[in-house]
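The block underneath contains the structure these notes are about, expressed in structure tokens.
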Amino acid sequence: MSAPLIEPNIISVALDVPLDRTFDYLNAGFQVQVGQRVVVPFAGRQLVGVVLAIHQQSEVPVDKLKTVMHVFDDIALDTQTYQLLKFCAAYYHYPLGQMLISALPLRLRQIKPAVSRKTFVYSYAKPIPPERIQKRQIVLQRIVTALTVQHSLSEQQLSEVATGWRKWVQPLIEEGFIQAQEVIAIRPSVPSSHQAPTLNAEQQHATQAVLAAPKQFKPWLLYGITGSGKTEVYIQLLANILAEEHAQALVLVPEINLTPQLEARFRSRLSQYPLVTLHSNLSESERLQNWLAAKSGAAKIVIGTRLSVFTPMPHLKLMVMDEEHDGSYKQQEGMRYHARDVAMVRAKQLNIPIVLGSATPSLETWYNATTSNTTTQPEKKQSYGLLTLTQRAVTQAQLPKIFCIDSAKSPLENGLSPLLIEAMRKRLARGEQSLLFINRRGYAPVLHCSACLWHSSCTRCSAKLVVHLSQRRLKCHHCGHEQKIPLQCPSCGNADLKPIGQATQRLSQTLESLFPTARIARVDRDSMRSKDALTTLLSKVHAGEIDILVGTQMLAKGHDFPNLTLVGVIDTDTALYSPDFRASERLFSQLMQVSGRAGRAAVAGEVLIQTAFPQHDLFHALRAQDYAAYANTLLQERIAMQLPPSRFFVLLKAEASDYQQVQQFLNSAAAYARQHANEVTLYDPVRPQMERLKGLERAYVLLQAEKRQTLQRLLHVWVPQLRAHPLSSKIRWALDIDPLEF
Ligand code: ADP
Ligand code: ZN
Ligand code: ZN
């Protein structure tokens, strides 16, 4: 490089430290660009940072500045991604440096060079003069001939021409005759032999509506029950958008390892477009490779979970978010972002359409798609388009019939009503499959002493210790604490301790004694620890090697079981009357989803729900499979009670082993906020349902306002005050903007 460097250059670097600022360093003659990664000294350590600006001056005297130690070649952060991350850091009031670094693949956050499996293709840079090749250099002649015929050769192709090709090609590169170009390896997709189905009228309408304005920001809600053909619509949209040169699409999914079928379907139907996935089940090197493929534009389709909403994609033209209501899109620690909201911002920044799909949309989305936006939310600039699919796409696939079993009238035996047992017996006799849904793992939720009413509880959390009988242990599902099952009551010495209530293991055991010949499988986090356990089990279910499945919500999602005709729902009543205002919304969507497992093929399915409250609104709507009716009821309640989505929330959470410090911090936080609380409703500090967690006492302050901007204005002055509070570094506190859980 010939241009002389202007020195001294000062570069501002974002670092993964909990301080909301960048740090200046001297550049010791490196050629540096914005977005590049560097290694710098920081507080006695060496850290990887990202260059955000280059200038000639610093507020710090130049002789106090330290010097950059190393500069990596790659530009890790492009402008587009930077804009998005910067917005998020500001909106979620999270340190920009931490935000930027945590969005990078782990390998790029480490000091040692990130070794991705680089591969190259070789082609002519200029013609090789004939005298350069001698007569006896047969190998070289073969290589040159192959290059002339094929124009460019991959490493693999060169190896086929000659095993020792490297030693011949290297000198030619050095002499400038041959050039090597890096390519990113992407696993090829295999085309499907199935014909694409012809879209029905509703699907066609949905596809056309989105494609009518492909180059402007527009959010769409694609609302349709399981099996109504939403995925088919996504595929058609991608096929259309990707047909253009330089186009990429991002498909967000809740948990990809639970839905391997989805990836397979996109791969086979859109096999001409290189596809990569990004999720937590990848190795770090795979993750880096896939991320680089997306960033280079080589991958046309990215299917990924929450964090992949930040994946750099230079030609992004469409975003799809499947199961948009799913809680896993919300990050619950660190930067507590919601991928749906971030995706919305990204779509707006890029001026592209975004499609949210669900059978049971979140009330936030439902509100945006169904309420006229002039009265309640004048700030809103773009209302959502609502696209509805009303029927199952495969005509012979019938909707399941949903019934409640009144557990007050039909007494349960070991958690099961005789009606449900009878229904299962019928399925077994017909060779059909059943699924029992219970959202609790372990053997029983609690161990109880009938003499003194002692029950097993965690000393570190406000939670019960769950009985895990096979391991003879009591476990806390919140902090991981475990201990042996006591032989007698720790409080009164009574030897007659009983597990109370139902959970997956106990239910499986009951079923084994009821149906000794049936093949029963349990699906929960305990039984599905290994990476492939679920996949193996699912293929067994498909092969008809399982008669009864017992499982948690792990089973509720996406799986297509054609021979499954009965779903039994055990013990969901606690969620009906939970203090969490979102509990019934979540329960409804969970039950819809699990009901959707029954009767996906020609045989009609049946769903039996055991409940003491069969007359509850939720069950009325569920039996009618009418999400819209229930959503509208809930929405009216939320509006009347000034709850989201008609209002916005910010939660300041604090925790410490000393509850007094928590109180002190929150009281002064509330006092500060009151000074600026213009149009913001401020609630006094309260304790969450889980008062103690992992040995820490918890409490929070809730702020509520009609508009996001109002809250942001307050946060702008409030957060610096919180950071400067004397207790700020002594206790743990965090802001949760738009919290999902309390
Ligand atoms: P969803 O994503 O809403 O659950 P899918 O797109 O997976 O629905 O569709 C459910 C089933 O119906 C799939 O097996 C799919 O191949 C099939 N299907 C979807 N659309 C059509 C159509 N227009 N004609 C025939 N079959 C269809
Ligand atoms: Zn006792
Ligand atoms: Zn605990």
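If you take the square roots of the eigenvalues of the alpha-carbon gyration tensor of the stretch 347-479 and sort them as a ≥ b ≥ c, do you get rounded (a/c under 1.5), prolate (a/b over b/c) or oblate? Intermediate results must be reported in sequence, preceding the final value.
On the way: a/c = 2.74, a/b = 1.50, b/c = 1.83.
Oblate shape, in that a/c is at least 1.5 and b/c is the bigger or equal ratio.
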> If you take the beta carbon distance between residue 494 and residue 57 as r and set R0 to 56 Å, what does 1/(1 + (r/R0)^6) give as a FRET efficiency, to the nearest 0.05?
Replying inline: 0.15
> With each pseudo-label sitting 7 Å past Cα toward Cβ, what's the residue 240-residue 426 distance in nm, one decimal?
Replying inline: 4.4 nm
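So how much slack lies between residue 741 and residue 729, counting 0.36 nm per residue of separation and subtracting their Cα-Cα distance, in nm? The partial results should precede the final answer.
Values: separation 12, 0.36 × 12 = 4.32 nm, distance 2.43 nm.
Between residue 741 and residue 729, full extension yields an extra 1.9 nm.
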> Between rounded, prolate and oblate, where does the stretch 177-262 land on the alpha carbon gyration tensor, with a ≥ b ≥ c its root eigenvalues, rounded for a/c under 1.5, else prolate if a/b exceeds b/c?
Replying inline: prolate
> residue 487 versus residue 137, label points 7 Å from Cα toward the beta carbon: distance in nm?
Replying inline: 8.5 nm
>> Can you return the lysines within cross-link range of residue 167? Criterion is Cα-Cα under 18 Å, with same-chain partners fewer than 8 residues away left out.
In response: 135
> Could you name the lysines in cross-link range of residue 707, using Cα to Cα under 16 Å and dropping any fewer than eight places away on the same chain?
Replying inline: 380, 381
> If only Cα atoms are counted, what is the Rg of the chain, and what is its Dmax, in Å?
Replying inline: 29.6, 101
> Hey, what angle do you get for helix 533-542 against the long axis of the chain, alpha-carbon based, 0 to 90 degrees rounded to 10?
Replying inline: 70 degrees
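Could you work out the relative contact order of the chain? I mean the mean sequence separation of Cα pairs under 8 Å and 6+ apart, divided by the number of residues, in percent.
On the way: 1404 pairs, mean separation 77.4, N = 742.
Relative CO of the chain lands at 10 percent.
If you keep only loop residues by DSSP, which trypsin sites (Lys or Arg not before Pro) in the stretch 154-260 have at most 13 other Cβ atoms within 10 Å of their Cβ? Write out the running numbers ahead of the final one.
On the way: sites: 166, 167, 215, 230; in loops: 215.
Taking the stretch 154-260 and a limit of 13 other Cβ atoms within 10 Å, the loop trypsin sites (Lys or Arg not before Pro) found are 215.
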> What relative contact order, as a whole-number percentage, does the stretch 428-554 give when Cα pairs under 8 Å and 6 or more residues apart are counted?
Replying inline: 33 percent
> Which of the lysines could be linked to residue 475 by a straight reach, that is with a Cα gap under 16 Å, when you skip same-chain ones fewer than 8 residues away?
Replying inline: 464, 484, 498, 694
> In percent, what relative contact order does the stretch 574-698 have, based on Cα pairs under 8 Å that are 6 or more apart in sequence?
Replying inline: 16 percent
>> Helix-only estimate, please: 222 nm mean residue ellipticity of the chain, summing -39500 (n - 2.57) across DSSP H runs of length 4 or more and dividing by its residues, to the nearest 500.
In response: -9500 deg cm²/dmol
>> Under a Cβ-only charge scheme (Lys and Arg +1, Asp and Glu -1), can you give me the dipole magnitude of the chain about the Cα centre, in debye to the nearest 20?
In response: 1000 debye
> Where both partners of a DSSP beta bridge lie in the chain, what percent of those bridges are antiparallel, to the nearest 5?
Replying inline: 55 percent
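Express the Stokes-Einstein translational diffusion coefficient of the stretch 1-93 in µm² s⁻¹, to the nearest whole number, given a Kirkwood radius over alpha-carbon pairs, 25 °C and a viscosity of 0.890 mPa s. Before the final figure, lay out each step's value.
On the way: Rh = 13.9 Å.
It diffuses with D of about 177 µm²/s by this estimate.
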>> Between the stretch 295-312 and the stretch 323-348, what is the separation of their alpha carbon centroids in Å?
In response: 15 Å
> What is the Å³ per residue value for the convex hull set by the Cα atoms of the stretch 277-431?
Replying inline: 248 Å³
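Just to confirm, what accessible area per residue do you get for the chain at 1.4 Å probe, in whole Å²?
Working: 34460 Å² over 742 residues.
It amounts to 46 Å² per residue over the chain.
Rounded to a whole number of µm²/s, how large is the Stokes-Einstein D of the stretch 481-570 at 25 °C and 0.890 mPa s, given Rh as the Kirkwood radius over C-alpha pairs? Numbers along the way, then the final one.
Details: Rh = 15.5 Å.
It comes out at roughly 159 µm²/s.
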> What is the helix-to-structure angle for 79-91, meaning the angle in degrees between its Cα long axis and the longest Cα principal axis of the chain, kept from 0 to 90 and rounded to the nearest 10?
Replying inline: 40 degrees
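Starting from the stretch 584-686, pick out the chymotrypsin sites (Phe, Trp or Tyr not before Pro) whose DSSP state is loop and whose Cβ has at most 14 other Cβ atoms within 10 Å. Walk me through the numbers before you get to the answer.
Numbers: sites: 588, 619, 627, 630, 648, 649, 659, 665, 672, 683; in loops: 683.
The qualifying sites are 683.
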> Could you state the principal axis extents of the C-alpha atoms in the stretch 217-298, from the largest down, to the nearest angstrom?
Replying inline: 37, 32, 26
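Would you please classify the overall shape of the stretch 64-218 from the alpha carbon gyration tensor, given that a ≥ b ≥ c denote the square roots of the eigenvalues, rounded means a/c under 1.5, and beyond that prolate means a/b larger than b/c while oblate covers the rest? Show your work: numbers first, answer last.
Numbers: a/c = 3.05, a/b = 1.37, b/c = 2.23.
The shape class here is oblate.
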> On the first, second and third principal axes, largest extent first, how far apart are the outermost C-alpha atoms of the stretch 251-298 in Å?
Replying inline: 25, 24, 15
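The values are calculated or read from the model by the stated rules, or taken from the named source; none is laboratory data. Everything numeric here is computed off the predicted structure, so don't read it as measured data. As a convention, Cβ positions derive from the backbone with ideal geometry for all residues, glycine included, and neighbour counts pool all protein chains shown. When the accessible area is computed, the model is the full protein with side chains, heavy atoms only, and any ligands, DNA or RNA have been set aside. Shrake-Rupley method; radii C 1.70, N 1.55, O 1.52, S 1.80 Å.
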